Amino acid sequence: MSGDVNRQLSHMSEASSCYSDGNSSEDMDEDIDQYYMDTTDDLDLDCPSKTDDPEYFEYEPLQVMDAERLLNEEIEALCTKLKVSPSMAKMLLLRHNWQKEEIIENYQKDPSGFLIDSHLTSRRKHDNLIGPRPMCSVCCVNYPRDRFHGVTCGHMFCQDCWDMHFQTQIQDGITTAIECMAKECPVLVTEDFVCEVLTQPKLRDKYSKFSFNDLIKSHPKLRFCPGVDCAVIIKAKESKAKKVECQTCKASFCFRCGISYHAPTECDVIKRWLTKCEDDSETANYISAHTKDCPRCHVCIEKNGGCNHMQCPECKYDFCWMCLGDWKSHGSEYYECSRYKENPNIANESVHVQAREALKKYLFYYERWENHAKSLQLEETTTSKITTRTQEKVMNNQGTWIDWQYLLRAAALLKKCRYTLQYTYPYAYYMDKGSRKVLFEYQQAQLEAEVENLSWKVERAEITDRGDLENQMDVAEKRRQTLLKDFLEV
Amino acid sequence: MTTPARRRLMRDFKRLQEDPPSGVSGAPSDNNIMLWNAVIFGPHDTPFEDGTFKLTIEFTEEYPNKPPTVRFISKMFHPNVYADGSICLDILQNRWSPTYDVSAILTSIQSLLHDPNPNSPANNEAAQLYRENRREYEKKVAAIVQESWNDDDDEGEEDEEEEESKAGS
């Protein structure tokens, strides 16, 4: 995948490297064309993937050192602009998500008000020290005045207590959010003060490590690669919900939210969907769809048979499932009850019906989502099967290794298409009714059909004509692109 | 051995004796300064009036940088008290400040009895009744107020209860 590396390192100038799969023959031709045409640069039209590919995204991997340098440059720029200390500038940037223009504007409008809102100073300067040997209100020991320290709010405590405070906070992983020790004082403690007070060098290292993490997390254009033990930081031009693939650990994820890439579904929607699938919110819906509370003791009862004469297992109360009235009054008038139910209980009933409907809808989408997830796992075995089969063929002198590479490409493309297809279901679930949903579901169905066709052909690759398979690949990818182009927020 | 936490707890105890807040009392247990027993009297003009509610306060060596664990030993019916007696109170969790002492903790819990917060319920039934059926809430509270006196009458039973709660914690 050398094309990918090129795309990241030199995204602007070399249009040819913008292709994500730069190894098909057509691309090669273009590469050659491009090579000779490059002298006539600045022709935007020669970068088709940039404008046409809805998933195109510019980013570059940074090492920790590079990221540190980048952050320090921004911090220094703000220092000189506002004439504040580096620790203060760091806190301001962190608390306002590195929106430098906004910070400068607000600070210049009302410096003290802005610092108060940012929890970096207090409205009035406190003075809690009395006499020449004041008592520290945390440890209750009297010390000479020079043993006392504090931040901008003026609350003073002895050196040992601050040290202890920082130790416990840092051990809990809190660094940039450490507050003054005084009760109900929200003023934050800045880095310079922490480092001045901390006695253990080990904790100082921990502090700088954790606070660096906080800085990166607050920066909209930087993101830690979520891969296991991967120290790479991805830098992008904009904070967008686009796919990033870490070259170091091969993890792929959404740049904006850091979880698995989820186009065409948006970040907040996929989060809602995943929590919905994880937690038992549907259990709650099930309960309201299939159960009612006993009208006497309020225990929850599930109706497990057809009979409407219910007896509460707890309090043995006999009642009617329809109207929740006493069963004794039923008997001969039972049929009246079943006719009656439309009137007094309709509000209640409709809630149950609604819940049942909601459950049905969720299960519909969830089933398909799950099904594609499972199929995706199965495609893994297809890939390994193809690899072994290719090896066998090459051993038997049936073509060379290169001749069979298109099969692996087909399997990879199938996975990519199925992946997108899987993530169309949460999108559809949360979509409002209307013509846009009709269009979406139409395109989804088209993609679904082509993906299944492709899957069928890949599994039977040996009896399928290569041209046919390549054609099918092209069709499926076109469908995927069309859907994303129309529905992926750019 | 004396540590910062133990020294501070001695100060807390001294302060509690010299300047006792009304309606609460507390003292370290006989052989362990890190474990305190306390009593909160139900505040006037609340359904808890006349109740004598026992609590335990458990400190760690990180006190006062970390809050202690406070738990009702007497049976409690309150929107912000869990079934095991532990208390949902901001100053005992995220709003803790090292400047709080035992006296401040006990008076805060006392005012929590006065002023429950039904929006962060630890006891759903109590929170719901507090919001929707105040009369029934007061009836349930009255029952645990009576139970709190029974604890006093029967010292042996109370000790047993304390033992149980320690084993459970």
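The values are calculated or read from the model by the stated rules, or taken from the named source; none is laboratory data. Predicted model only: the values in this text are computed from it and were never measured. Reconstructed Cβ throughout: ideal geometry from the backbone, glycine too, with neighbour counts over all protein chains shown. These area figures cover heavy atoms from the full protein model, side chains too; ligands, DNA and RNA do not enter into them. Shrake-Rupley method; radii C 1.70, N 1.55, O 1.52, S 1.80 Å.
For segment B:33-68, which positions are touching a Leu at 6+ places or on another chain (Cβ under 8 Å), hydroxyl-bearing (S, T, Y) and part of a strand (DSSP E or B)?
Correct list: B:T56 only.
Okay, residues lined up against (1) at pLDDT 70 or above; (2) open to solvent by less than 40 Å² (accessible area, probe 1.4 Å):
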{"residue": "A:N345", "(1), (2)": "no, yes"}
{"residue": "A:K361", "(1), (2)": "yes, no"}
{"residue": "A:R368", "(1), (2)": "yes, no"}
{"residue": "A:H372", "(1), (2)": "yes, yes"}
{"residue": "A:E379", "(1), (2)": "yes, yes"}
{"residue": "A:T382", "(1), (2)": "yes, yes"}
{"residue": "A:N397", "(1), (2)": "yes, no"}
{"residue": "A:W404", "(1), (2)": "yes, no"}
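Hey, does segment B:30-47 have a residue that's open to solvent by less than 50 Å² (accessible area, probe 1.4 Å), more than 10 Å from the chain's Cα centre (by Cα) and without any contact (Cβ under 8 Å) to a residue 24 or more places away in the chain? Lay out the reasoning, then the answer.
Applying the first criterion (open to solvent by less than 50 Å² (accessible area, probe 1.4 Å)) to segment B:30-47 yields B:33-36, B:38-40, B:42-43, B:46-47.
Next, only the ones that are more than 10 Å from the chain's Cα centre (by Cα) stay: B:33-36, B:42-43, B:46-47.
From what is left, the residues that are without any contact (Cβ under 8 Å) to a residue 24 or more places away in the chain are none.
No, because not a single residue in segment B:30-47 is open to solvent by less than 50 Å² (accessible area, probe 1.4 Å), more than 10 Å from the chain's Cα centre (by Cα) and without any contact (Cβ under 8 Å) to a residue 24 or more places away in the chain.
Does A:F253 qualify as being more than 20 Å from A:M91 (Cα to Cα), buried (at least 18 other Cβ atoms within 10 Å of the Cβ), more than 14 Å from chain B (Cβ to nearest Cβ) and touching a Gly at 6+ places or on another chain (Cβ under 9 Å)?
yes
Restricting the search to segment B:11-32, which residues are in a loop (DSSP other than H, G, I, E, B) and in contact with a Pro (Cβ under 8 Å, 6 or more places away or on another chain)?
Of segment B:11-32, the ones in a loop (DSSP other than H, G, I, E, B) are B:19-23, B:30-31.
Within segment B:11-32, B:G23 is the sole residue that qualifies.
List every residue pair whose Cβ atoms sit under 8 Å apart, with the two residues 6 or more apart in sequence or on different chains, where the first one lies in segment B:89-118 and is within 10 Å of chain A (Cβ to nearest Cβ) and the second, anywhere, is small (G, A, S) and not in a helix (DSSP H, G or I).
The qualifying pairs are B:I91/B:S97; B:S97/A:A182; B:T99/A:S137; B:T99/A:A182.
Select, from A:L413, A:L421, the only residue that is surrounded by 20 or more Cβ atoms within 10 Å (Cβ to Cβ), touching a residue at least 60 places away in the same chain (Cβ under 8 Å) and not small (G, A, S).
A:L413 is the lone residue from the list that is surrounded by 20 or more Cβ atoms within 10 Å (Cβ to Cβ), touching a residue at least 60 places away in the same chain (Cβ under 8 Å) and not small (G, A, S).
Any idea which of A:V475, A:V451, A:V458 is crowded, with 20+ Cβ neighbours inside 10 Å and over 27 Å from the mean Cα position of the chain (by Cα)?
The unique qualifying residue is A:V458.
Quick grid of which residues meet (1) open to solvent by less than 60 Å² (accessible area, probe 1.4 Å); (2) away from chain A (no Cβ under 14 Å):
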{"residue": "B:F13", "(1), (2)": "yes, no"}
{"residue": "B:P20", "(1), (2)": "no, yes"}
{"residue": "B:G26", "(1), (2)": "yes, yes"}
{"residue": "B:E49", "(1), (2)": "no, yes"}
{"residue": "B:K54", "(1), (2)": "yes, yes"}
{"residue": "B:T60", "(1), (2)": "no, no"}
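Could you please give the count of residues in segment A:129-173 that are among the β-branched types (V, I, T), in a loop (DSSP other than H, G, I, E, B), free of Cβ contacts under 8 Å to residues at least 24 places away in the same chain and within 11 Å of chain B (Cβ to nearest Cβ)?
1
Given the residues A:V228, A:V194, A:V232, which is the only one that is out of contact with any Leu (no Cβ under 6 Å at 6 or more places or on another chain) and closer than 30 Å to B:K66 by Cα?
A:V194
How about segment A:37-121: which helices (runs of 4 or more DSSP H) wholly inside it have at least 2 residues that are under 30 Å from A:D486 (Cβ atoms) and at pLDDT below 90?
Ranges flagged: A:48-52.
Residues of segment A:424-456 being in contact (Cβ under 8 Å) with a residue 12 or more places away in the chain and of a type in the set (V, I, T), which ones?
A:T424, A:V451
Can you tell me which residue in segment A:78-110 is nearest to A:N213 (Cα to Cα), limited to those that are more than 28 Å from the chain's Cα centre (by Cα) and surrounded by fewer than 14 Cβ atoms within 10 Å (Cβ to Cβ)? Please lay out each step first, then the result.
Here is the first cut: in segment A:78-110, the ones more than 28 Å from the chain's Cα centre (by Cα) are A:78-89, A:104-110.
Those still in the list that are surrounded by fewer than 14 Cβ atoms within 10 Å (Cβ to Cβ) too: A:80, A:83, A:85, A:105, A:108-110.
Values: A:T80: 24, A:K83: 25, A:S85: 21, A:E105: 27, A:Q108: 29, A:K109: 31, A:D110: 30 Å.
The qualifying residue nearest to A:N213 (Cα to Cα) is A:S85.
What are the residues in segment A:182-198 that are surrounded by fewer than 17 Cβ atoms within 10 Å (Cβ to Cβ), free of Cβ contacts under 8 Å to residues at least 60 places away in the same chain and away from chain B (no Cβ under 14 Å), if any?
Result: A:C195, A:E196.
So how many residues does segment A:424-448 have that are open to solvent by 60 Å² or more (accessible area, probe 1.4 Å) and polar (S, T, N, Q)?
Qualifying residue count, segment A:424-448: 1.
Residues in segment B:72-84 that are surrounded by 20 or more Cβ atoms within 10 Å (Cβ to Cβ) and out of contact with any helix residue (DSSP H, G or I) (no Cβ under 7 Å at 6 or more places or on another chain): how many?
Residues meeting the conditions: 2.
So which residues in segment A:206-241 are open to solvent by 40 Å² or more (accessible area, probe 1.4 Å) and in a loop (DSSP other than H, G, I, E, B), if there are any at all?
A:P220, A:K221, A:P226, A:V228, A:D229, A:A231, A:K237, A:E238, A:S239, A:K240
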